[in-house]
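J.: Quick one: structure below, then a few questions.
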Amino acid sequence: MSAEQLAEAVNAVPLVDHHVHGALVAELDRPALELLLTESDRPLPAGTTQFDSQLGFAVRRWCAPLLDLEPHVDPDDYVARRAELGAAEVTRRMLAASGVAHHLVETGFGGADVLSPAGMARASGARADEVVRLESVLEDLVRSGASAGQLPERFREALAGRTASAVGLKSVVAYRHGFDVDPRRPTDAEVVAAAGEWLRGCENAGRVRVDHPVLLRFLLWCGVDRGLPLQLHAGYGDPDLDLHRCDPLLLTDFIRLVEPTGVDLLLLHCYPFHRNAGYLAQVFPHVHLDVGLAVNHVGARAAAVVAESLELAPFGKVLFSSDAFGPAELHYLGAHLWRRALHRTLARWVDDGEWSTSDAVRVADLLGHANARRVYHLRDASA
Amino acid sequence: MSAEQLAEAVNAVPLVDHHVHGALVAELDRPALELLLTESDRPLPAGTTQFDSQLGFAVRRWCAPLLDLEPHVDPDDYVARRAELGAAEVTRRMLAASGVAHHLVETGFGGADVLSPAGMARASGARADEVVRLESVLEDLVRSGASAGQLPERFREALAGRTASAVGLKSVVAYRHGFDVDPRRPTDAEVVAAAGEWLRGCENAGRVRVDHPVLLRFLLWCGVDRGLPLQLHAGYGDPDLDLHRCDPLLLTDFIRLVEPTGVDLLLLHCYPFHRNAGYLAQVFPHVHLDVGLAVNHVGARAAAVVAESLELAPFGKVLFSSDAFGPAELHYLGAHLWRRALHRTLARWVDDGEWSTSDAVRVADLLGHANARRVYHLRDASA
Amino acid sequence: MSAEQLAEAVNAVPLVDHHVHGALVAELDRPALELLLTESDRPLPAGTTQFDSQLGFAVRRWCAPLLDLEPHVDPDDYVARRAELGAAEVTRRMLAASGVAHHLVETGFGGADVLSPAGMARASGARADEVVRLESVLEDLVRSGASAGQLPERFREALAGRTASAVGLKSVVAYRHGFDVDPRRPTDAEVVAAAGEWLRGCENAGRVRVDHPVLLRFLLWCGVDRGLPLQLHAGYGDPDLDLHRCDPLLLTDFIRLVEPTGVDLLLLHCYPFHRNAGYLAQVFPHVHLDVGLAVNHVGARAAAVVAESLELAPFGKVLFSSDAFGPAELHYLGAHLWRRALHRTLARWVDDGEWSTSDAVRVADLLGHANARRVYHLRDASA
C-alpha cells in the first residue's frame, strides 16, 4: 500500500460527525460572521479583526475556493461572495464538501435559527440523528410549568419521550458548574429541595437556566440511567466557563461511579486537556474522546493537536467531531482540517518507519467512523 | 512574495520589547554568569554546569559570534572574551544586534545594578519607556515611612506621581501569593487593617516585601484605576513561586471583574500554561499574552513554544517580549530566538499551503511591534 | 563529528535504566499479554484490542524482528511465536537488544512472578542493583506482626536492614494518596496514632495497603533520613490514582523541605506534567526527572515527549528509565524508543544549526548513564 493510497483513504473516509450542531440558517454580514469565528461572545478590540486568527485564516484559505474564490481572499470579498450565493447555497456546498456521511446533531442550542437534524440531512444528502442535551430537556419542562415536587418524576418521563429516537445524550455541566461537582447520584428528595431553590431563583432572574449543582448531578445520573452514550463538554468553550474547572481529570470519580453501568462517556473537545483525556480513555473502558472544536480554532496547528490526542488513548477510543456551530464553514473545516491533520500525522509515522500504511488506513477508519458506529450503535452509513 | 521575503521581513521587524529589565552593569565571572542563566537562585549540584542547558547552549551558539568567537565555543573561553571586552561593550553589541527598536523597561527589580530606561536607550540607540511595578511603589512608600492609616491615600498619590510618564504597570502577585487570590477590590478599611498587620510583620522580619493578599489585591485594583495597561507575571519564574498557583486560568474571575473598565491585561511568559493564556486571549477582549522568558530558557525548543502560543489567541493579542534580566545576552537571545522561532513557524505554515506569505509577514508585524504600539499607545518607532 | 557519529553514539550509550521492574517469568497468552500493554487493569470494550494502541503498534513494529518475524506482524502470529520461543528466551533476546548496561530494579511489586535483581542480571548479562519501595517495607513489616506502638522504631530498623545494599528508594504516595498531602514530617506520636487507625482498617478490609496520609508522610521522611536518592512516581499510571493529584508541582513544598538535607529527588514518568517537572528540575538543585513509562505508551510520539522534557531542565538533571513492568518487550522498547526519540530530537537541533554534534553526543551520555551514575553513586558500568 502506497503513500497515495493513505492520502486517498483518509480523504475518502465517510465521516461520522458524532457531535455537531445544525448549520445557521440566516444570512451573515461581516460583523455577524466574525462573531461566529470565535468562542467569545464579545467584539474584538478596535483595530483588530476576528479574521486575524487561525480560524479566520482557515476560512480564507480553504472555504474561499468552495465559493469560487482564490485562496487567501480578502475577508470583505469573502463576505460579499457569501451574500451573493446566499446562506442556503453556501451551506449546501460546505456540507457536500465535508464528506460527512452521518451527522449526530446536538439540538440543545440555537433553536429555529439552525437546521434541525432533518434539515441537516436534506442540506447535506447525508444521514442525521439526534443527540439530546439534558439541560435543555429540563429547561423546556420547567418553562411548560413543572413544580419542584413533580420535577424528578416528570423529568424522567420527559427525557424518555424526548429521546425515543435519539442516539446519544449531552451534558454541559462544564459550563453550568464545572467538573468539580459532587459526582454522586442525588436522592429525589434532594432534587426536589434543590428544584425549589432553583425555581425561585429563575423567577427572580426572569430566565430559566439550570446551574444548581444538585440538579446538574440529577441530570447526569438520569442520563446514565437512560443508557445512551453520554457526551460531556470538556475543556475549551465560551467565556461562560472557568476553563480550569473543565479539566476532564476532575471527572475521575464520576467516571468510576459510572463504570459499572456500562454507559459510554464521550469527552468532547478536551483542549487543552486532551492528553489528560487520553489517559482517561486508556485506563477506563467506557471513556472516549475527541478534539473537535479545537481542530477548527487552531487551524494550521490542527496536526499538533490531533497527534497529541493519539498518545495514550487506544485507537478504538478516539472519535471525530467538528462541534461546528453557526456558519457551515465550520462544518466543512471541522472535517477538512481534521482529515489534513490526521493524514499529516499518520503519513509521518509511516514515513518514519514506525507504522505500516495498512495500519494507518485502518486507524483512519476507526477514528473517522467505525468507533462512532460501534459506540452509538449506528448502521454502516456506506452500506 | 517569496520565502526569502518572509525571512527578511521577520529579521527586519523593529521589535517592541514590551517587557524587559535593564541590562546588568557589572562585570561577571563564570559563577556569576551561570547563576544568571537560570531562574534558580541556588547553585547547581557539584559536577554539573548551568551551561549544560538550552539557554547555556544558546549563549555559546548565538552570542559567541557577537564577541568574535566561533559558535559553540567553550564556556571558559566565552567568559574570558566577555571579560576582555568588558560588560559595557558586550551590552552594546548585544542590544544593537537584537534589533529591538523600543524597550518597555520594568524597573521594579535590580535598582542601581541594572541600566535605567535612559541607560537602555543610550546603550542601544533605541527608544525606552518605563513600566512601573506596583509592589515596588508600595514598598518604597513604606520604607519612606507611611503609616497603615495613610496607606491607601498615600499609595494612590505615590502611584500617580511615579507613573506620570510610564506606559504600563506590572504586578507580581503570582510571586507574592499566587493567582488563587480573592479577585475583588478591597475597601480602604480592609486595606488599612491589612496594612497594620503587614507593617508589624515587616518590622519583625526586618524587611519590606508585600505579600499580604489584601494589599496585593489593593495594588491590582489601584493599577486598574490608574488606567494603564497592566502586565501580570504568569507561569514560570524563580523558586519563590508555586507554579501551580500561577496558571493564568486562576485569574479568570479577576479578568471578568476588570473587563468593564476597558483596561488591558497582559499575561507575561505564561509557560507552561501558554495554551491556557491563549484561551483567555481569545474569549476576553482585554487579555493579551506573550511567551517571553520561556523562549530564552527553552532555547532550541523555542519554535515549539511560539507555535503553541499561536493556537487560540487572535493574532492581535500576542506580543513579543524577552523578559531579559541580567546579562545582555538575554536581551539579544530573547529577540534572536523569537525571530528564529517565529520564522520557522510561519515558514512551515506557508510551505504547507496553509497561510499566504503576505499574511505571515503581516502577523510578524503584529506580534513584533504593531500590537504593542496599539496596546501601549506608542508612536511608531520606525516613523 | 558527523551525523552518523551522533546516530552511532546514541545507539551505543550503555544505558543505566534507573527505574525498572523485573521481567515477568510466566508464559503469556494473548489476553494476558494485552492486559500488560496498558496501565489499565480492565479489559477493553468488546470489538477493540489493546494491540490498537501506540504501544501495541510498537511491539509489532520493533519487537517482532527480535523474534525472527516481519515488522508489523499480526498480533496472533506475534503471540504464537512468543509462545514457541518461550518467555525465558524472549526475555533474554529483549534484554540483550536493549543495550541496558545497568538495571536499577524496583522490587516493590510483582514478587515471585518477576525476575529479582539477580535474575535480571543473569538474564541480561548486565549489572543490576535494587531500589526499595518504602510502602512495601512497611506492609511486609505489618504482615510480620508489628503493633502500632512499635511501628516507628521497627520501621526504621526494617528499612535500614532492607536497604543495606540498595542504591535508591521509591515512594508511591502518588497512588496511595496524591501529592496534595501535608508535606511536613509527622512526629512519632502522630505516626503511632495513625498506625492504630490504619491497622484496624487493615483488619476490617482483610488486606494490608498503606494509604493513611500520616503514614505515607512518615515513609517519605524515613526515606529522606535514610539518605539514598528518593524516586517518586509522578503523573501517569494505573486507574488507582487521581491524575490531577499527581502533578509534581503539588510536591513543591515537600521539595523545599527536603532541600536542606541534600537528598536527591527523582520524579518518575511525569507525563503529562513533564514540563512542570522540568521547571522543578531547573529551580531546585536536588530535583531530577525522567519520562519513562510514557515513552513506551506514546510509541511513535516518543520524540515529542522527550523533546518537551528537554526544555527547562538542565541536562544534568534528566535521566533515562523504562519503568518496564511485565513482558520484556517493555524493557526493550523503553530503551529502543528512547534512543530513537533522543536521536531524532538531537539530530534535528544539530541539523537546524542550534547545537553542535559533540554537544549532542555529550548530552546523550549525560541522560543515558552519566547522570544516573552521579546521582546513585554507581561505578562506571563500562569500566
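The values are calculated or read from the model by the stated rules, or taken from the named source; none is laboratory data. Since we're looking at a predicted model, the values are computed, not measured. Every residue, glycine among them, receives a Cβ derived from its backbone with ideal geometry; neighbour counts consider all protein chains shown.
J.: I need the full set of residues from segment A:42-55 which are out of contact with any Pro (no Cβ under 7 Å at 6 or more places or on another chain) and more than 8 Å from chain B (Cβ to nearest Cβ), in order please.
T.: Of everything in segment A:42-55, those that are out of contact with any Pro (no Cβ under 7 Å at 6 or more places or on another chain) and more than 8 Å from chain B (Cβ to nearest Cβ) turn out to be A:Ala46, A:Leu55.
J.: Something else: Does segment A:299-315 contain at least one residue that is buried (at least 24 other Cβ atoms within 10 Å of the Cβ), closer than 26 Å to C:His244 by Cβ and among the basic types (Lys, Arg)?
T.: no
J.: Okay, moving on. It is to be established whether one or more residues within segment B:261-280 are more than 30 Å from C:Thr357 (Cβ to Cβ), away from chain A (no Cβ under 13 Å) and more than 18 Å from the chain's Cα centre (by Cα).
T.: Checked against the condition, which is being more than 30 Å from C:Thr357 (Cβ to Cβ), away from chain A (no Cβ under 13 Å) and more than 18 Å from the chain's Cα centre (by Cα), segment B:261-280 yields at least one hit.
J.: If A:Leu67 passes every condition in (1) surrounded by 18 or more Cβ atoms within 10 Å (Cβ to Cβ); (2) under 30 Å from A:Ala174 (Cα atoms); (3) not hydroxyl-bearing (Ser, Thr, Tyr) but one, which one does it miss?
T.: Against the list (1) surrounded by 18 or more Cβ atoms within 10 Å (Cβ to Cβ); (2) under 30 Å from A:Ala174 (Cα atoms); (3) not hydroxyl-bearing (Ser, Thr, Tyr), A:Leu67 comes up short only on (2).
J.: Taking segment A:281-293, which residues are under 14 Å from A:Glu311 (Cβ atoms) and either within 8 Å of another protein chain (Cβ to nearest Cβ) or under 12 Å from the mean Cα position of the chain (by Cα) (or both)?
T.: First pass over segment A:281-293, keeping only residues under 14 Å from A:Glu311 (Cβ atoms): A:281-283, A:289, A:291.
The answer is A:Gln282, A:Val283, A:Leu289, A:Val291.
J.: Please verify whether segment A:360-383 includes one or more residues that are modelled with pLDDT of 95 or more, surrounded by 24 or more Cβ atoms within 10 Å (Cβ to Cβ) and assigned to a loop (DSSP other than H, G, I, E, B).
T.: No: segment A:360-383 contains no residue that is modelled with pLDDT of 95 or more, surrounded by 24 or more Cβ atoms within 10 Å (Cβ to Cβ) and assigned to a loop (DSSP other than H, G, I, E, B).
J.: Just one of B:Thr91, B:Thr187, B:Thr107 is under 27 Å from B:Arg245 (Cα atoms), of a type in the set (S, T, N, Q) and in contact with a strand residue (DSSP E or B) (Cβ under 8 Å, 6 or more places away or on another chain); which is it?
T.: B:Thr107
J.: Kindly establish whether A:Ala32 is within 12 Å of chain B (Cβ to nearest Cβ) and either assigned to a helix (DSSP H, G or I) or farther than 21 Å from B:Val350 by Cβ (or both).
T.: Details: within 12 Å of chain B (Cβ to nearest Cβ): no; either assigned to a helix (DSSP H, G or I) or farther than 21 Å from B:Val350 by Cβ (or both): yes.
So A:Ala32 fails the test.
J.: Checking B:Val287 against (1) touching a residue at least 24 places away in the same chain (Cβ under 8 Å); (2) farther than 25 Å from A:Arg301 by Cα, which single condition isn't satisfied?
T.: (2)
J.: Moving on. Identify the single condition in (1) surrounded by 19 or more Cβ atoms within 10 Å (Cβ to Cβ); (2) in the same structural domain as A:Gly111 (by TED's automatic domain parsing) that A:Ala58 does not satisfy, given that it satisfies every other one.
T.: The one condition A:Ala58 does not meet is (2).
J.: Please count how many residues of segment B:97-116 are of a type outside the set (Asp, Glu), more than 10 Å from B:Ala328 (Cβ to Cβ) and surrounded by fewer than 22 Cβ atoms within 10 Å (Cβ to Cβ).
T.: Here is the first cut: in segment B:97-116, the ones of a type outside the set (Asp, Glu) are B:97-105, B:107-112, B:114-116.
Now narrow it down to the ones that are more than 10 Å from B:Ala328 (Cβ to Cβ): B:99-105, B:107-112, B:114, B:116.
Keeping just the survivors that are surrounded by fewer than 22 Cβ atoms within 10 Å (Cβ to Cβ) gives B:99, B:101, B:107-112, B:114, B:116.
Qualifying residue count, segment B:97-116: 10.
Let's see how each residue does on (1) under 15 Å from the mean Cα position of the chain (by Cα); (2) more than 14 Å from chain B (Cβ to nearest Cβ):
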{"residue": "C:Ala324", "(1), (2)": "yes, yes"}
{"residue": "C:Pro327", "(1), (2)": "yes, yes"}
{"residue": "C:Leu330", "(1), (2)": "yes, yes"}
{"residue": "C:His336", "(1), (2)": "no, yes"}
{"residue": "C:Arg348", "(1), (2)": "no, no"}
{"residue": "C:Ser356", "(1), (2)": "no, no"}
{"residue": "C:Leu366", "(1), (2)": "no, no"}
{"residue": "C:Arg374", "(1), (2)": "no, no"}
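J.: Taking the stated definitions as given, is B:Leu134 over 29 Å from B:Ala328 (Cβ atoms) and buried (at least 17 other Cβ atoms within 10 Å of the Cβ)?
T.: Values: over 29 Å from B:Ala328 (Cβ atoms): no; buried (at least 17 other Cβ atoms within 10 Å of the Cβ): yes.
In short, no.
J.: Pull out all pairs, ordered by first then second residue, where Cβ-Cβ is under 7 Å, the residues are six or more apart or on different chains, the first lies in segment C:119-132 and is assigned to a loop (DSSP other than H, G, I, E, B), and the second is crowded, with 17+ Cβ neighbours inside 10 Å.
T.: C:Ala126/C:Val100; C:Ala126/C:Ala101; C:Ala126/C:His102; C:Ala126/C:His103
J.: Looking at segment C:83-97, which of its residues are among the small types (Gly, Ala, Ser), out of contact with any helix residue (DSSP H, G or I) (no Cβ under 8 Å at 6 or more places or on another chain) and in a helix (DSSP H, G or I)? Before you say what the answer is, go through the steps one by one.
T.: Going through segment C:83-97, the residues among the small types (Gly, Ala, Ser) turn out to be C:83, C:86-88, C:96-97.
Now narrow it down to the ones that are out of contact with any helix residue (DSSP H, G or I) (no Cβ under 8 Å at 6 or more places or on another chain): C:83, C:86-87.
Once the filter is applied, which keeps residues that are among the small types (Gly, Ala, Ser), out of contact with any helix residue (DSSP H, G or I) (no Cβ under 8 Å at 6 or more places or on another chain) and in a helix (DSSP H, G or I), segment C:83-97 yields C:Ala83, C:Ala87.
J.: Answer yes or no as to whether C:Cys202 is out of contact with any Leu (no Cβ under 8 Å at 6 or more places or on another chain) and not small (Gly, Ala, Ser). Break it down stepwise before answering.
T.: On the way: out of contact with any Leu (no Cβ under 8 Å at 6 or more places or on another chain): yes; not small (Gly, Ala, Ser): yes.
Spelling it out, C:Cys202 is indeed out of contact with any Leu (no Cβ under 8 Å at 6 or more places or on another chain) and not small (Gly, Ala, Ser).
J.: Any residue that is under 19 Å from the mean Cα position of the chain (by Cα) and either touching a residue at least 40 places away in the same chain (Cβ under 8 Å) or over 26 Å from C:Glu311 (Cα atoms) (or both) - is there at least one of those in segment C:207-217? It would help to see each step written out before you state the result.
T.: Of the residues in segment C:207-217, the ones under 19 Å from the mean Cα position of the chain (by Cα) are none.
Looking through segment C:207-217, none of the residues is under 19 Å from the mean Cα position of the chain (by Cα) and either touching a residue at least 40 places away in the same chain (Cβ under 8 Å) or over 26 Å from C:Glu311 (Cα atoms) (or both).
J.: Answer yes or no: is there a residue in segment B:225-244 that is within 14 Å of chain C (Cβ to nearest Cβ), in contact (Cβ under 8 Å) with a residue 60 or more places away in the chain, of a type in the set (Lys, Arg) and over 20 Å from B:Leu337 (Cβ atoms).
T.: Looking for residues that are within 14 Å of chain C (Cβ to nearest Cβ), in contact (Cβ under 8 Å) with a residue 60 or more places away in the chain, of a type in the set (Lys, Arg) and over 20 Å from B:Leu337 (Cβ atoms), one finds none in segment B:225-244, hence no.
J.: Another question about this same structure. Checking the condition in a helix (DSSP H, G or I), aliphatic (A, V, I, L, M) and closer than 26 Å to A:Thr357 by Cβ, which residue from C:Ala80, C:Ala9 passes?
T.: Values: C:Ala9 fails: closer than 26 Å to A:Thr357 by Cβ.
The conditions single out C:Ala80.
J.: Regarding B:Ala335, is this residue farther than 28 Å from A:Val59 by Cβ and at pLDDT below 95?
T.: no
J.: Based on what the data block shows, is A:Asp359 over 30 Å from B:Pro314 (Cα atoms), in contact with a His (Cβ under 7 Å, 6 or more places away or on another chain) and of a type in the set (Asp, Glu)?
T.: Values: over 30 Å from B:Pro314 (Cα atoms): yes; in contact with a His (Cβ under 7 Å, 6 or more places away or on another chain): yes; of a type in the set (Asp, Glu): yes.
Taking the combined requirement at face value, the residue satisfies it.
J.: Residues being within 14 Å of B:Glu139 (Cβ to Cβ), surrounded by 20 or more Cβ atoms within 10 Å (Cβ to Cβ) and among the small types (Gly, Ala, Ser): count how many of those fall in segment B:181-226.
T.: Number satisfying all stated conditions: 1.
J.: Here is a list of conditions, (1) farther than 22 Å from B:Glu259 by Cβ; (2) modelled with pLDDT of 95 or more; (3) of a type in the set (Asp, Glu), and B:Asp225 meets all of them except one; can you say which number that is?
T.: All conditions are met except number (1).
J.: Still on this model: Do you know which residues across segment B:294-310 are touching a residue at least 60 places away in the same chain (Cβ under 8 Å) and either out of contact with any helix residue (DSSP H, G or I) (no Cβ under 8 Å at 6 or more places or on another chain) or more than 14 Å from chain A (Cβ to nearest Cβ) (or both)? If you could, list the steps in order and put the result at the bottom.
T.: Just the residues of segment B:294-310 that are touching a residue at least 60 places away in the same chain (Cβ under 8 Å), to begin with: B:296-301.
Hits for segment B:294-310 are B:Asn296, B:His297, B:Val298, B:Gly299, B:Ala300.
J.: Another question, if that's okay. Filter segment A:309-328 down to residues that are closer than 21 Å to A:Val100 by Cβ, small (Gly, Ala, Ser) and part of a loop (DSSP other than H, G, I, E, B), then give me how many there are.
T.: Residues meeting the conditions: 5.
J.: May I ask you to list the residues in segment C:62-93 that are in contact with an Asp or Glu (Cβ under 6 Å, 6 or more places away or on another chain) and either closer than 30 Å to A:Arg275 by Cβ or within 12 Å of another protein chain (Cβ to nearest Cβ) (or both)? Don't jump to the end; show me each part of the working.
T.: Kept after step one, since they are in contact with an Asp or Glu (Cβ under 6 Å, 6 or more places away or on another chain), are these residues of segment C:62-93: C:63, C:87.
Hit for segment C:62-93 is C:Cys63, nothing else.
J.: If you check every pair at least six apart or on different chains, which have Cβ atoms under 6 Å apart with a residue in segment B:159-172 that is basic (Lys, Arg) first and a residue that is in a helix (DSSP H, G or I) and at pLDDT 95 or above second?
T.: Every condition considered, the pairs that remain are B:Arg162/B:Val137.
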